[in-house]
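The values are calculated or read from the model by the stated rules, or taken from the named source; none is laboratory data. Just so it is clear, the structure is predicted and the values come from calculations on it, not from any experiment. Every residue, glycine among them, receives a Cβ derived from its backbone with ideal geometry; neighbour counts consider all protein chains shown. Just so you know, the surface numbers come from the protein's heavy atoms only, side chains and all, with ligands and any DNA or RNA stripped out. Shrake-Rupley method; radii C 1.70, N 1.55, O 1.52, S 1.80 Å.
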Amino acid sequence: MTKRSTFAALLAAVAISAGCPSQKQQLAVRQEGAVQTALQRGRFDLNCPAATATVLSRDYIQPAVQGPWVNGVQRVEYTVGVEGCNQRTTYVVMCQIGTDTCFAANPDSRFRRE
C-alpha cells in the first residue's frame, strides 16, 4: 500500500509540474509583448517613429507572499533600451503572469532635471 500511495503522489507531482510553464518559458513567451510595449512608449517619448528596442535584461519576479492559502502576483520584468533619432532611453517593463498586458516605466522620468 505504501508503494501505491508513493507512486500516486509522484504521478500527481509530475502532472502538476507538467502543466506549469517554467520561469524561462514565461520570460521567453512574454518578451515580445514587453519589447513592443517599451517600443511604443519610446517612440512617443522620443518623438521618433523609427526607434528600435533592445532587451538589456530580464528577470522573473517571485511573489512577496506565498503560502497554502495566499498567493502573490507573479511578474516578469524586462529592462529595454530604446534608441532612435540620436536619442536613447531605458524602460523597465513589468508584465503580470496570467494577463496580456505590460506596463513600461521610465525610471529616469521622476528625476529629470530641466
Six or more apart or on different chains, Cβ under 9 Å: which pairs go from a residue in segment 39-65 that's more than 27 Å from residue 98 (Cβ to Cβ) to one that's assigned to a helix (DSSP H, G or I) and open to solvent by 80 Å² or more (accessible area, probe 1.4 Å)? Could you list them?
49/43; 50/43; 51/43
Residue 79 - would you say it is part of a strand (DSSP E or B) and not charged (D, E, K, R)?
yes
Within segment 28-38, restricting to residues that are among the aliphatic types (A, V, I, L, M) and free of Cβ contacts under 8 Å to residues at least 60 places away in the same chain, the one that is nearest to residue 108 (Cα to Cα) is 35
Answer yes if at least one residue in segment 23-39 is in a loop (DSSP other than H, G, I, E, B) and modelled with pLDDT of 95 or more, and no otherwise.
no
Contacts under 6 angstrom Cβ, first residue in segment 81-97 being under 12 Å from residue 52 (Cα atoms), partner of a type in the set (Gly, Ala, Ser) and open to solvent by 50 Å² or more (accessible area, probe 1.4 Å), 6 or more apart
84/50
Residues of segment 99-109 that turn out to be open to solvent by 80 Å² or more (accessible area, probe 1.4 Å) and either out of contact with any helix residue (DSSP H, G or I) (no Cβ under 8 Å at 6 or more places or on another chain) or under 18 Å from residue 55 (Cβ atoms) (or both), as a count:
3
When the residues of segment 51-69 are narrowed to those that are small (Gly, Ala, Ser) and surrounded by fewer than 14 Cβ atoms within 10 Å (Cβ to Cβ), which ends up nearest to residue 27 (Cα to Cα)?
57
Index of the failed condition, residue 55 passing every other in (1) in contact with a helix residue (DSSP H, G or I) (Cβ under 6 Å, 6 or more places away or on another chain); (2) under 27 Å from residue 23 (Cα atoms); (3) aliphatic (A, V, I, L, M)
(1)
